[in-house]
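Structure first, commentary second.
Derivation of every value follows stated rules applied to the coordinates shown; laboratory data play no part. Since the structure is predicted, the reported quantities are computational estimates derived from the model, not experimental observations. When we count neighbours, we look across all protein chains shown, and the Cβ atoms used for this are built from the backbone with ideal geometry, even at glycine.
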Amino acid sequence: MKILKVAVQNDYLNSMSKARPVVALTEIIWNGFDADAKQVFVYLDYNNLKGLEQIRVLDNGHGIAYEDAMSAFSQLGGSWKVRST
């Protein structure tokens, strides 16, 4: 397993602080379909107090190549669009 150091920029943190959880979940589900998934499963796991413990999204899409994931996820935010304004 490789450990990836992720740099998070202020513009990313700012946008995430305003995001609604349902929008993020929708994006994750659509990522599966974008990867040609034929099936996408959403599991809601509850704890003993009936509180939502975790949400798991599983799909059978092709995913992302390991090499591409390293560069795609090493920096979050820092868009040139934000820096040019």
Are there helices (runs of 4 or more DSSP H) fully within the chain with at least 3 residues that are of a type in the set (A, V, I, L, M, F, W, C) and surrounded by 13 or more Cβ atoms within 10 Å (Cβ to Cβ)? List them.
21-34
Residue that is farthest from the chain's Cα centre (by Cα), among those in segment 1-57 that are within 17 Å of Phe73 (Cβ to Cβ) and β-branched (Val, Ile, Thr):
Ile3
